[in-house]
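The values are calculated or read from the model by the stated rules, or taken from the named source; none is laboratory data. Predicted model only: the values in this text are computed from it and were never measured. Every residue, glycine among them, receives a Cβ derived from its backbone with ideal geometry; neighbour counts consider all protein chains shown. The protein model used for the area step is the full one, side chains on, heavy atoms only, and it has no ligands, DNA or RNA in it. Shrake-Rupley method; radii C 1.70, N 1.55, O 1.52, S 1.80 Å.
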Amino acid sequence: MPLSAPSLPGHLRLGWRPHRHGTPAEPLVRDWLAGELGTGAAALALPRDPHGRPRLQAPAGFDVSWSHSGEHLLVALGEGVELGVDLERLRPRPRALDLARRFFHPREAAWLQALPEPDRASAFVRLWCAKEAVLKAHGRGLAFGLHRLEFAADADGLRLVACAPELGAPADWSLHESAPRPGYVAALAWRPR
Ligand SMILES: CC(C)(COP(=O)(O)OP(=O)(O)OC[C@H]1O[C@@H](n2cnc3c(N)ncnc32)[C@H](O)[C@@H]1OP(=O)(O)O)[C@@H](O)C(=O)NCCC(=O)NCCS
(Lines give C-alpha, C1' and ligand atoms only; values in the text may rest on other atoms or scores of the structure.)
Protein backbone atom coordinates (compact mmCIF):
# COMPACT_ATOMS: atom_id res chain seq x y z
CA MET A 1 0.00 0.00 0.00
CA PRO A 2 1.73 3.22 -1.11
CA LEU A 3 2.21 6.31 1.05
CA SER A 4 0.94 9.61 -0.36
CA ALA A 5 3.08 11.59 -2.79
CA PRO A 6 5.61 13.73 -0.87
CA SER A 7 4.16 17.10 -1.86
CA LEU A 8 1.30 18.68 0.07
CA PRO A 9 -1.34 21.08 -1.30
CA GLY A 10 -0.12 24.69 -1.00
CA HIS A 11 -2.51 25.68 1.79
CA LEU A 12 -1.05 23.04 4.14
CA ARG A 13 2.33 22.92 5.88
CA LEU A 14 4.08 20.44 8.13
CA GLY A 15 6.86 21.18 10.63
CA TRP A 16 9.17 18.67 12.30
CA ARG A 17 10.99 19.37 15.56
CA PRO A 18 12.98 17.40 18.10
CA HIS A 19 10.92 17.15 21.28
CA ARG A 20 11.90 15.63 24.59
CA HIS A 21 9.25 13.18 25.79
CA GLY A 22 7.35 14.54 28.80
CA THR A 23 8.12 18.20 28.18
CA PRO A 24 5.51 20.69 26.92
CA ALA A 25 5.19 20.83 23.15
CA GLU A 26 3.19 24.02 22.85
CA PRO A 27 6.15 26.45 23.17
CA LEU A 28 7.84 24.66 20.25
CA VAL A 29 4.60 24.81 18.29
CA ARG A 30 4.19 28.53 18.97
CA ASP A 31 7.72 29.19 17.85
CA TRP A 32 7.19 27.30 14.60
CA LEU A 33 3.80 28.96 13.97
CA ALA A 34 5.28 32.42 14.53
CA GLY A 35 7.87 31.70 11.84
CA GLU A 36 5.34 30.27 9.39
CA LEU A 37 2.80 33.04 9.90
CA GLY A 38 5.31 35.87 10.19
CA THR A 39 4.00 37.04 13.53
CA GLY A 40 5.33 37.28 17.08
CA ALA A 41 4.69 34.20 19.21
CA ALA A 42 2.87 36.40 21.75
CA ALA A 43 0.38 37.54 19.08
CA LEU A 44 -0.87 33.99 18.55
CA ALA A 45 -4.18 33.23 20.27
CA LEU A 46 -4.23 29.47 20.76
CA PRO A 47 -6.74 28.46 23.43
CA ARG A 48 -7.98 24.89 24.01
CA ASP A 49 -11.64 24.03 23.69
CA PRO A 50 -13.45 22.04 26.42
CA HIS A 51 -12.23 18.74 24.87
CA GLY A 52 -8.62 19.90 24.92
CA ARG A 53 -8.39 20.63 21.19
CA PRO A 54 -6.15 23.63 20.41
CA ARG A 55 -7.96 26.26 18.30
CA LEU A 56 -5.94 28.96 16.56
CA GLN A 57 -8.08 32.08 16.90
CA ALA A 58 -5.55 34.69 15.80
CA PRO A 59 -4.48 35.06 13.13
CA ALA A 60 -7.91 34.03 11.80
CA GLY A 61 -8.57 31.51 9.05
CA PHE A 62 -5.99 28.89 10.04
CA ASP A 63 -6.11 25.60 11.89
CA VAL A 64 -3.27 23.85 13.69
CA SER A 65 -2.72 20.38 15.10
CA TRP A 66 0.31 18.62 16.48
CA SER A 67 1.44 15.22 17.65
CA HIS A 68 4.45 13.96 19.57
CA SER A 69 5.90 10.49 19.57
CA GLY A 70 9.30 9.19 20.57
CA GLU A 71 11.62 12.20 20.57
CA HIS A 72 9.84 14.17 17.88
CA LEU A 73 7.02 16.58 17.25
CA LEU A 74 5.04 17.04 14.04
CA VAL A 75 2.99 20.21 13.57
CA ALA A 76 0.43 20.84 10.83
CA LEU A 77 -0.90 24.23 9.77
CA GLY A 78 -3.62 24.80 7.20
CA GLU A 79 -5.60 27.72 5.84
CA GLY A 80 -9.34 27.40 5.24
CA VAL A 81 -9.46 23.85 6.57
CA GLU A 82 -10.11 21.86 9.70
CA LEU A 83 -7.17 19.50 10.20
CA GLY A 84 -5.67 16.90 12.49
CA VAL A 85 -2.28 15.23 12.49
CA ASP A 86 -0.93 12.09 14.13
CA LEU A 87 2.62 10.79 14.42
CA GLU A 88 3.53 7.29 15.55
CA ARG A 89 6.84 5.52 15.98
CA LEU A 90 7.09 2.16 14.22
CA ARG A 91 7.67 -0.68 16.66
CA PRO A 92 6.58 -4.28 16.99
CA ARG A 93 2.84 -4.51 17.65
CA PRO A 94 2.17 -8.05 18.86
CA ARG A 95 -1.36 -7.08 19.96
CA ALA A 96 -2.29 -5.24 16.77
CA LEU A 97 -5.00 -7.66 15.76
CA ASP A 98 -6.51 -7.80 19.25
CA LEU A 99 -6.61 -4.00 19.42
CA ALA A 100 -8.10 -3.76 15.94
CA ARG A 101 -10.83 -6.29 16.79
CA ARG A 102 -11.64 -4.41 19.95
CA PHE A 103 -11.51 -0.79 18.77
CA PHE A 104 -11.58 -0.56 14.95
CA HIS A 105 -14.43 -1.03 12.51
CA PRO A 106 -15.02 -4.79 11.94
CA ARG A 107 -14.11 -4.51 8.23
CA GLU A 108 -10.77 -2.86 9.12
CA ALA A 109 -10.01 -5.67 11.57
CA ALA A 110 -10.88 -8.25 8.90
CA TRP A 111 -8.60 -6.50 6.39
CA LEU A 112 -5.72 -6.55 8.89
CA GLN A 113 -6.33 -10.19 9.68
CA ALA A 114 -6.10 -11.09 5.99
CA LEU A 115 -2.69 -9.41 5.59
CA PRO A 116 0.48 -11.47 5.88
CA GLU A 117 2.01 -11.16 9.35
CA PRO A 118 5.03 -9.01 8.32
CA ASP A 119 2.75 -6.32 6.79
CA ARG A 120 0.22 -6.25 9.59
CA ALA A 121 2.02 -4.06 12.13
CA SER A 122 2.70 -1.23 9.69
CA ALA A 123 -0.83 -1.42 8.26
CA PHE A 124 -2.22 -1.26 11.79
CA VAL A 125 -0.16 1.83 12.64
CA ARG A 126 -1.14 3.53 9.39
CA LEU A 127 -4.81 2.88 10.09
CA TRP A 128 -4.40 4.11 13.63
CA CYS A 129 -2.74 7.34 12.47
CA ALA A 130 -5.36 7.97 9.79
CA LYS A 131 -8.24 7.47 12.22
CA GLU A 132 -6.66 9.54 14.97
CA ALA A 133 -5.88 12.36 12.51
CA VAL A 134 -9.56 12.62 11.52
CA LEU A 135 -10.69 12.43 15.14
CA LYS A 136 -8.23 15.14 16.18
CA ALA A 137 -9.48 17.38 13.37
CA HIS A 138 -13.03 16.81 14.54
CA GLY A 139 -11.98 17.64 18.10
CA ARG A 140 -13.28 14.85 20.29
CA GLY A 141 -10.21 12.65 19.98
CA LEU A 142 -10.34 8.93 20.66
CA ALA A 143 -13.36 9.32 22.92
CA PHE A 144 -15.46 9.66 19.75
CA GLY A 145 -14.86 5.97 18.95
CA LEU A 146 -12.31 4.56 16.52
CA HIS A 147 -14.95 2.16 15.16
CA ARG A 148 -17.17 5.04 14.02
CA LEU A 149 -15.06 5.79 10.95
CA GLU A 150 -13.88 3.29 8.40
CA PHE A 151 -10.84 3.48 6.15
CA ALA A 152 -10.17 1.15 3.21
CA ALA A 153 -6.97 0.62 1.25
CA ASP A 154 -6.85 1.12 -2.51
CA ALA A 155 -4.07 1.66 -5.04
CA ASP A 156 -3.52 5.24 -3.73
CA GLY A 157 -3.33 4.29 -0.04
CA LEU A 158 -5.95 4.71 2.68
CA ARG A 159 -9.25 6.46 2.07
CA LEU A 160 -12.13 7.27 4.41
CA VAL A 161 -15.09 5.29 3.09
CA ALA A 162 -17.68 5.59 5.87
CA CYS A 163 -18.17 7.57 9.08
CA ALA A 164 -20.68 8.65 11.69
CA PRO A 165 -22.81 11.64 10.60
CA GLU A 166 -21.04 13.96 13.08
CA LEU A 167 -17.93 13.67 10.89
CA GLY A 168 -19.82 14.76 7.78
CA ALA A 169 -19.40 13.08 4.40
CA PRO A 170 -16.43 10.72 3.95
CA ALA A 171 -15.65 12.28 0.57
CA ASP A 172 -15.05 15.67 2.24
CA TRP A 173 -11.98 14.30 4.01
CA SER A 174 -8.52 14.16 2.48
CA LEU A 175 -5.63 12.18 3.90
CA HIS A 176 -1.89 12.63 3.44
CA GLU A 177 0.29 9.84 4.81
CA SER A 178 4.03 10.19 5.14
CA ALA A 179 7.14 8.76 6.75
CA PRO A 180 8.66 12.01 8.04
CA ARG A 181 11.77 10.21 9.30
CA PRO A 182 12.90 6.57 9.27
CA GLY A 183 10.96 4.69 11.92
CA TYR A 184 7.99 7.07 11.99
CA VAL A 185 4.69 7.27 10.16
CA ALA A 186 2.31 10.20 10.11
CA ALA A 187 -1.12 11.06 8.80
CA LEU A 188 -2.62 14.45 8.16
CA ALA A 189 -6.40 14.61 7.65
CA TRP A 190 -8.31 17.70 6.58
CA ARG A 191 -11.58 18.92 5.17
CA PRO A 192 -12.71 22.33 3.94
CA ARG A 193 -13.84 24.61 6.73
C1 LIG B 1 -6.28 13.97 21.74
C2 LIG B 1 -5.67 12.59 21.64
C3 LIG B 1 -6.22 11.94 20.37
C4 LIG B 1 -4.16 12.72 21.57
O5 LIG B 1 -3.57 11.48 21.33
P6 LIG B 1 -2.06 11.10 21.71
O7 LIG B 1 -1.64 10.04 20.71
O8 LIG B 1 -1.99 10.81 23.12
O9 LIG B 1 -1.21 12.40 21.51
P10 LIG B 1 -0.67 13.19 20.27
O11 LIG B 1 0.76 13.45 20.55
O12 LIG B 1 -1.02 12.59 18.95
O13 LIG B 1 -1.47 14.57 20.36
C14 LIG B 1 -1.37 15.38 21.48
C15 LIG B 1 -1.96 16.71 21.12
O16 LIG B 1 -3.32 16.54 20.72
C17 LIG B 1 -3.98 17.78 20.95
N18 LIG B 1 -5.27 17.48 21.53
C19 LIG B 1 -5.60 17.25 22.82
N20 LIG B 1 -6.93 17.02 22.91
C21 LIG B 1 -7.42 17.07 21.65
C22 LIG B 1 -8.72 16.92 21.11
N23 LIG B 1 -9.78 16.64 21.86
N24 LIG B 1 -8.86 17.06 19.76
C25 LIG B 1 -7.81 17.32 18.97
N26 LIG B 1 -6.55 17.48 19.44
C27 LIG B 1 -6.38 17.36 20.76
C28 LIG B 1 -3.08 18.64 21.80
O29 LIG B 1 -2.48 19.57 20.94
C30 LIG B 1 -2.03 17.66 22.28
O31 LIG B 1 -0.79 18.27 22.46
P32 LIG B 1 -0.22 18.60 23.95
O33 LIG B 1 0.10 17.26 24.55
O34 LIG B 1 0.97 19.43 23.69
O35 LIG B 1 -1.32 19.29 24.66
C36 LIG B 1 -6.07 11.69 22.83
O37 LIG B 1 -5.37 12.14 23.96
C38 LIG B 1 -7.56 11.77 23.13
O39 LIG B 1 -8.38 11.26 22.40
N40 LIG B 1 -7.95 12.36 24.24
C41 LIG B 1 -9.34 12.38 24.56
C42 LIG B 1 -9.88 13.75 24.48
C43 LIG B 1 -10.84 13.90 25.58
O44 LIG B 1 -11.88 13.30 25.57
N45 LIG B 1 -10.45 14.73 26.51
C46 LIG B 1 -11.27 15.01 27.62
C47 LIG B 1 -10.71 16.27 28.21
S48 LIG B 1 -11.97 17.04 29.13
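To the nearest 20 debye, what is the magnitude of the charge dipole of region 107-193 about its Cα centre, counting +1 on the Cβ of each Lys and Arg and -1 on the Cβ of each Asp and Glu?
With only Lys, Arg, Asp and Glu charged at Cβ, the dipole is about 320 debye.
Which residues does the label zone of LEU8 cover in region 131-147, counting backbone N under 18 Å from a point 7 Å along Cα→Cβ?
Counting only backbone N, you get 131-139.
What figure, in Å² to the nearest 10, do you get for the accessible area of SER7 with a 1.4 Å probe and non-protein molecules left out?
90
On a C-alpha basis, how far is the centre of region 51-73 from the centre of region 109-151 in Å? Whole number, if you could?
Taking the Cα centre of each part, region 51-73 and region 109-151 sit 21 Å apart.
How long are the semi-axes of the ellipsoid equivalent to region 90-192, from square roots of 5 times the Cα gyration tensor eigenvalues, in whole Å, largest first?
Three semi-axes, in Å: 21, 16, 13.
Among PHE62, PHE103, what's the order by accessible area (1.4 angstrom probe), most exposed first?
PHE103, PHE62
Let me spell out the model: positive unit charges on the Cβ of Lys and Arg, negative unit charges on the Cβ of Asp and Glu, origin at the Cα centre of region 12-87. What dipole size does that give, in debye rounded to 20?
160
Hey, rough spin-label estimate for ARG101 and ALA171, points 7 angstrom out along Cα→Cβ, what's it come to in nanometres?
Once both label points are built, they end up 3.6 nm from each other.
How much net charge surrounds ARG181 when only the other residues with a Cβ under 13 Å from the Cβ of ARG181 are counted, with Lys and Arg +1 and Asp and Glu -1?
Here the count lands on 0.
Springs between alpha-carbon pairs under 10 angstrom, Gaussian network model over the chain: which of ALA96, ALA171, ALA76 fluctuates most?
In this elastic network of the chain, the residue with the biggest mean-square fluctuation among ALA96, ALA171, ALA76 is ALA171.
Using only protein heavy atoms and a 1.4 Å probe, report how much of ASP156 is accessible, in Å² to the nearest 10.
Using a 1.4 Å probe on the heavy atoms, I get roughly 120 Å².
Given q = 0.14, 0.15, 0.19 Å⁻¹, what are the Debye log10 I(q)/I(0) values for the chain, with equal point scatterers placed on the Cα positions and solvent ignored?
-0.78, -0.89, -1.41
List the relative contact order of the chain as a percent without decimals, with contacts defined as Cα pairs under 8 Å and 6+ residues apart.
Dividing the mean separation by the residue count of the chain yields 23 percent.
Give me the extension gain from ASP154 to ALA114: residue separation times 0.36 nm, minus the current Cα-Cα distance, reported in nm with one decimal.
12.9 nm
Compute the length gained on full extension between GLU26 and ALA164: take 0.36 nm times their separation in residues and subtract their Cα-Cα distance, giving the result in nm to one decimal.
Gain on stretching GLU26 to ALA164: 46.6 nm.
Relative contact order, percent, of region 12-87 when contacts are C-alpha pairs under 8 Å separated by at least 6 residues?
34
About the Cα centre of the chain, what is the dipole size in debye to 20, counting +1 per Lys and Arg Cβ and -1 per Asp and Glu Cβ, all else neutral?
With only Lys, Arg, Asp and Glu charged at Cβ, the dipole is about 460 debye.
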